1. Among the residues of the range 329-340, is any assigned to a helix (DSSP H, G or I), touching a residue at least 12 places away in the same chain (Cβ under 8 Å) and out of contact with any Cys (no Cβ under 9 Å at 6 or more places or on another chain)?
2. Any idea how many residues of the range 284-306 are over 25 Å from Arg263 (Cβ atoms) and either part of a loop (DSSP other than H, G, I, E, B) or not basic (Lys, Arg) (or both)?
3. Among the strands (runs of 3 or more DSSP E) confined wholly to the range 119-217, which include 3 or more residues that are over 30 Å from Ser354 (Cα atoms), more than 15 Å from the ligand (Cβ to nearest atom) and at pLDDT below 95?
4. If we scan the range 226-237, do we find a residue that is within 16 Å of the ligand (Cβ to nearest atom) and out of contact with any helix residue (DSSP H, G or I) (no Cβ under 8 Å at 6 or more places or on another chain)?
5. Within the range 3-25, work out how many residues are over 26 Å from the mean Cα position of the chain (by Cα) and either under 29 Å from Gly181 (Cβ atoms) or charged (D, E, K, R) (or both).
6. Restricting attention to the range 82-104, report how many residues are surrounded by fewer than 24 Cβ atoms within 10 Å (Cβ to Cβ) and in contact (Cβ under 8 Å) with a residue 24 or more places away in the chain.
7. Using beta carbons and a limit of 8 Å, which pairs, at least six apart or on different chains, have the first residue in the range 1-12 and over 17 Å from Pro356 (Cβ atoms) and the second one small (Gly, Ala, Ser) and at pLDDT 60 or above?
8. For residues in the range 81-96 being within 14 Å of the ligand (Cβ to nearest atom) and in a loop (DSSP other than H, G, I, E, B), which is farthest from the chain's Cα centre (by Cα)?
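The values are calculated or read from the model by the stated rules, or taken from the named source; none is laboratory data. From a predicted model like this one, the values you see are computed outputs, not experimental measurements. As a convention, Cβ positions derive from the backbone with ideal geometry for all residues, glycine included, and neighbour counts pool all protein chains shown.
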Amino acid sequence: MELSAVKPRPVPFVDLQAQHALLRDEILQAVQGQIDRCDFVLGRSVEEFERAFAAYCGVSHCVGVANGTEAIALALRALGVDRPEQEVVVPAMTFVASAAAVVHAGARPVLADIRPETFTLDPSKLEQAITPRTRAIIAVHLYGLPADMEPIRRIARERGLLLIEDAAQAHGARYGGVRVGGLGDAATFSFYPSKNLGACGDGGAVVTSSTEAAARLRTLRDHGAPSKHDHQVIGFNSRLDALQATILAIKLRRLDEWNDLRRAHARAYEERLRGTAALELPSSPPDREHVFHLYVVRVPSRDRDRLREHLAAAGIGHGLHYPHAIHQTRAFAFLGYPEGSFPAAERSAACGLSLPMYPELTESQIDRVSEAVSSYFRGKRTS
Ligand SMILES: *Cc1c(COP(=O)(O)O)cnc(C)c1O
């Protein structure tokens with residue numbers, strides 16, 4: 001037999017097929033029943049999922065919307081942030097949607113740097129970014145690690161600012177024992193398929209314990225009408241799809257188990273990679289529970305491209321989250337921040353490398369990923 005014939009199968013960066021293999025029959029049966037009932041827009045399945053997800057997050061209300069980006073924009077609008085003179089502080093390193101949604105709401109994003117060890121908003125940098133025009137703070141629980149919520153909540157309280165959690169990457173994570181979603185005035189989630197809780201398509205939600213904000217969100221997501229034909233404000237069509245709600249309700253029951261597996265995989269990576277001096281591994285402070293949406297290591301920037309080639313040759317999937325800080329994208333050049341404005345965010349853009357992370361990852365896959373990464377650095381030493 002030729003050697004190439006026994007080459008191990010590639011390790012994908014994410015593997016949704018592995019997840020759906022286990023849930024396929026349950027999902028198909030539920031979706032089929034719903035198609036038979038023609039229950040497609042809002043209605044029972046959306047209400048049931050909203051109730052279950054609010055209870056899961058430990059808050060009073062959940063409003064299902066079209067996606068995680070609109071969740072942020074609608075949360076801002078529902079809380080009264082919708083004018084160009086209103087500023088919203090956003091971390092400089094996040095998925096672009098956290099900042100784009102501020103513009104969609106009609107307000108202005110102001111960036112602040114992250115803490116280099118945790119990749120989340122630096123409370124002291126946040127304070128420096130606040131001006132008399134600031135109305136809200138968006139704390140992003142990036143990669144599944146809750147931001148430094150205690151100091152951030154204190155700053156919001158002292159300055160009279162709204163606090164929104166962008167929890168698109170952190171379903172089920174905890175800070176000080178409290179689940180994300182219940183740590184600010186509102187929290188937003190994405191159910192994009194590869195998120196910790198993902199639909200079979202797009203979806204999103206806002207959770208809040210404010211009854212007024214929840215009522216405004218329900219109106220805004222459905223043509224500005226609290227009841228049929230009663231158009232009180234100019235709203236949007238941004239509802240969580242009813243078939244997706246059904247699928248999400250099925251998957252929500254597995255979320256804790258999946259997050260536990262992600263954490264176990266992170267420990268396994270840590271054991272295998274901590275001896276590789278060139279790598280910085282993700283930190284997980286003891287006051288919070290990481291749910292590892294992504295497993296992002298940092299490598300010397302001069303090595304990153306060669307390491308990626310080495311991984312690709314070994315069939316190991318990987319990604320960059322994200323290769324540009326917000327101010328480094330063309331879309332946000334209009335904010336006028338020069339290169340060097342946010343050193344920690346820029347360093348993260350230059351050095352971050354995401355390794356495969358999903359609940360169904362096997363021990364032998366983790367071994368192969370870890371071996372491929374460490375062999376790159378071993379090879380460098382000896383050559
Ligand atoms: C995925 C994501 C979003 C946007 O969610 P969509 O459902 O893709 O619109 C916003 N913020 C963060 C941090 C995300 O990871």
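1. First pass over the range 329-340, keeping only residues assigned to a helix (DSSP H, G or I): 333-335.
If we keep only those that are touching a residue at least 12 places away in the same chain (Cβ under 8 Å) as well, we get 335.
Next cut, out of contact with any Cys (no Cβ under 9 Å at 6 or more places or on another chain) only: 335.
Yes, the range 329-340 contains a residue that is assigned to a helix (DSSP H, G or I), touching a residue at least 12 places away in the same chain (Cβ under 8 Å) and out of contact with any Cys (no Cβ under 9 Å at 6 or more places or on another chain).
2. Step one: list which residues in the range 284-306 are over 25 Å from Arg263 (Cβ atoms), which gives 300-306.
Now drop any that are not either part of a loop (DSSP other than H, G, I, E, B) or not basic (Lys, Arg) (or both), which leaves 300-301, 303, 305.
Here the count works out to 4.
3. Details: elements: 134-140, 162-166, 186-190, 204-208.
In the range 119-217, no matching strands (runs of 3 or more DSSP E) lie anywhere.
4. Let us first name the residues in the range 226-237 that are within 16 Å of the ligand (Cβ to nearest atom), namely 236-237.
Cutting the leftovers down to out of contact with any helix residue (DSSP H, G or I) (no Cβ under 8 Å at 6 or more places or on another chain) gives us 237.
Yes, the range 226-237 has at least one match.
5. Taking the range 3-25 first, the residues over 26 Å from the mean Cα position of the chain (by Cα) are 3-9, 25.
Still in the list and also either under 29 Å from Gly181 (Cβ atoms) or charged (D, E, K, R) (or both): 7, 9, 25.
So the count comes out to 3.
6. At the first step, the residues of the range 82-104 found to be surrounded by fewer than 24 Cβ atoms within 10 Å (Cβ to Cβ) are 82-87, 95-97, 100, 103-104.
Right, trim to in contact (Cβ under 8 Å) with a residue 24 or more places away in the chain and you get 82-87, 95-97, 100, 104.
Residues flagged as surrounded by fewer than 24 Cβ atoms within 10 Å (Cβ to Cβ) and in contact (Cβ under 8 Å) with a residue 24 or more places away in the chain within the range 82-104 amount to 11.
7. That search, which allows pairs on different chains as well, returns Lys7/Gly315.
8. Within the range 81-96, the subset within 14 Å of the ligand (Cβ to nearest atom) is 88, 90-96.
Now drop any that are not in a loop (DSSP other than H, G, I, E, B), which leaves 92-96.
Details: Ala92: 15, Met93: 12, Thr94: 9, Phe95: 8, Val96: 11 Å.
Selected residue: Ala92.
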